[in-house]
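J.: Here it is, the structure, as structure tokens.
The values are calculated or read from the model by the stated rules, or taken from the named source; none is laboratory data. What you see is a predicted model, and the numbers here were worked out from it, not measured in a lab. All Cβ positions, even for glycine, are placed from backbone atoms using ideal geometry, and neighbour counts span all protein chains on display. Protein only, heavy atoms only, side chains kept; ligands, DNA and RNA dropped before computing areas. Shrake-Rupley method; radii C 1.70, N 1.55, O 1.52, S 1.80 Å.
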Amino acid sequence: MNNRRDVVKNDYLWDGSGEPDAEILRLERALGKFRHGGRPPELPEDLAAAHRGSKNDLRGAQLWFQFAAVAASVLLVFSIWIGLRLRSESVATGSDWGVQQVAGAPRIGTQAIRGMGEKGALRVGQTLETDRESRASIAVSDIGQVDIDPDTRLRLAESHSSRTRLQLERGTIHAMIWAPPGEFLVDTPSALAVDLGCAYTLQVDDSGAGLLRTRMGWVGFRLNGRDAFIPAGAVGETRPGIGPGTPYFEDAPAQLREALREFDFAKLGDAERTAELTIVLTKARKADALTLWHLLSGASLADRGKVFDTLNASVPAPSGVTREGIERGDQVMLDAWWNELGYDDISVWRKWEKTEPPVRLHPR
């Protein structure tokens with residue numbers, strides 16, 4: 001870590017030269033609307049003499065007020081900048097998460113947080129647990145907020161400037177995240193949930209099966225190269241040893257959802273899986289293009305052509321995307337078709353996965 005005195009060694013801060021700090025630019029934009037637009041005050045060389053000679057002169061008082069206001073503004077900006085720089089250094093080496101008691105007595109390790117609104121600190125490697133009477137909320141200003149329901153156990157596995165990782169062993173969390181896409185991750189026993197700029201609810205039952213509902217934005221689920229993208233209004237399920245299933249919208253026909261669950265997670269032969277897939281394709285609405293797109297790669301090679309035809313009837317394949325290419329799993333074509341569905345650009349996910357090491361799920 002740099003010496004604290006290095007924080008203030010920045011020519012841009014003093015005379016505008018040199019490379020500007022990103023936090024300074026952000027502060028300049030935020031405070032720019034308060035910039036004084038008139039002429040700067042002209043202060044006499046001998047302020048004390050001028051003050052004695054103009055006790056009854058209101059202009060003298062105004063000059064002093066303007067001078068004090070300017071000085072206070074400069075001091076405020078400098079103090080905020082120093083605070084942000086020091087905070088960013090502390091985040092870079094691992095930071096605590098503030099935990100607030102909402103109900104009952106949630107525990108950090110063996111330490112209970114009992115008082116109404118009492119706060120604690122969750123450090124890397126520690127576990128936060130609620131019983132059936134407890135609720136808690138954890139927050140970091142530049143990442144987001146996570147509310148924890150009763151009967152939930154989670155661990156802070158990683159926390160630094162570019163990545164925060166929780167491990168949800170069981171229970172339910174509600175996340176509202178404003179960190180950049182891909183920087184907030186939640187491990188579950190059956191898949192990794194990757195925030196892509198969103199609000200969502202994630203549940204894990206005692207078997208390790210997961211259920212994710214996205215309220216805003218979208219979330220990625222991953223295990224062993226098997227991906228699922230869950231936009232607002234959609235649901236994604238996971239199972240231990242299998243990973244994420246095919247996402248669907250909550251208002252999708254019941255028969256479609258039941259057949260999809262069998263297709264994804266039941267132990268079926270090829271003919272049985274094809275039969276379940278046929279039910280999905282028959283019951284699919286135009287709004288179920290999300291589900292059909294995932295089935296382009298989730299179906300067997302023999303069945304991908306039928307999925308192509310069904311999706312193509314509701315959302316025509318873009319130029320350059322062919323039936324043959326989809327049948328052989330051409331990723332460029334799949335990505336191009338995703339971008340036609342009206343959700344966020346798939347390049348956000350592709351950028352993230354280039355920097356993500358293989359998924360290592362925590363043991364139960």
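J.: Which order, highest average first, do 294-304, 309-319 follow once you tally other Cβ atoms within 10 Å for each residue and take the mean per peptide?
T.: On the way: 294-304: 17.7, 309-319: 14.2.
In descending order of packing, they fall as 294-304, 309-319.
J.: At a 10 angstrom cut-off on C-beta neighbours, averaged per residue, how do the peptides 324-331, 171-178, 204-211 rank from highest to lowest? Intermediate values should be presented prior to the final figure.
T.: On the way: 324-331: 14.4, 171-178: 19.0, 204-211: 17.1.
By packing density, highest mean first, the sequence is 171-178, 204-211, 324-331.
J.: Let me ask something else about it. Express the relative contact order of the range 205-299 as a whole percentage, based on alpha carbon pairs under 8 Å and six or more residues apart in sequence.
T.: On the way: 142 pairs, mean separation 20.2, N = 95.
So the answer I get is 21 percent.
J.: Mean projection of the alpha-carbon convex hull of the range 257-335 over all orientations, in nm²?
T.: Working: hull surface 19.4 nm².
It is 4.9 nm².
J.: Still on this model: About the Cα centre of the range 176-225, how large is the charge dipole given +1 on each Lys and Arg Cβ and -1 on each Asp and Glu Cβ? Please answer in debye to the nearest 20. Mind dumping the intermediate values first?
T.: On the way: 3 positive and 5 negative charges, 40 e Å.
Its charge dipole is roughly 200 debye.
J.: Assuming a ≥ b ≥ c are the square roots of the Cα gyration tensor eigenvalues, decide whether the range 236-293 counts as rounded (a/c under 1.5), prolate (otherwise, with a/b larger than b/c) or oblate. Walk me through the intermediate numbers first.
T.: On the way: a/c = 2.10, a/b = 1.23, b/c = 1.71.
The shape class here is oblate.
J.: Does the range 141-220 classify as rounded, prolate or oblate by the C-alpha gyration tensor (a ≥ b ≥ c root eigenvalues; a/c under 1.5 gives rounded; else a/b over b/c gives prolate, otherwise oblate)?
T.: Values: a/c = 1.66, a/b = 1.40, b/c = 1.18.
Judged from the Cα gyration tensor, the range 141-220 comes out prolate (a/c at least 1.5, a/b above b/c).
J.: Which whole-number value in Å² is the accessible area per residue of the range 311-358, probe 1.4 Å? Please list the in-between numbers first.
T.: Values: 2690 Å² over 48 residues.
Here the per-residue accessible area is 56 Å².
J.: Specify whether the C-alpha gyration tensor of the range 182-262 places it in the rounded, prolate or oblate class, a ≥ b ≥ c being the square roots of the eigenvalues: rounded for a/c under 1.5, otherwise prolate if a/b is larger than b/c and oblate if not. Don't skip to the end; give the middle numbers.
T.: On the way: a/c = 1.72, a/b = 1.13, b/c = 1.52.
Taking the square roots of the gyration eigenvalues as a ≥ b ≥ c, the range 182-262 is oblate.
J.: Counting only protein heavy atoms and a 1.4 Å probe, tell me what percentage of the range 193-337's accessible area is made up of carbon and sulfur. Could you put the intermediate results ahead of the total?
T.: On the way: 3060 of 6000 Å².
Carbon with sulfur: 51 percent of the solvent-accessible area.
J.: So what is the accessible area of the range 106-199 per residue, in Å², with the probe set to 1.4 Å? Before the final figure, lay out each step's value.
T.: On the way: 3710 Å² over 94 residues.
Per-residue accessible area for the range 106-199 comes out at 39 Å².
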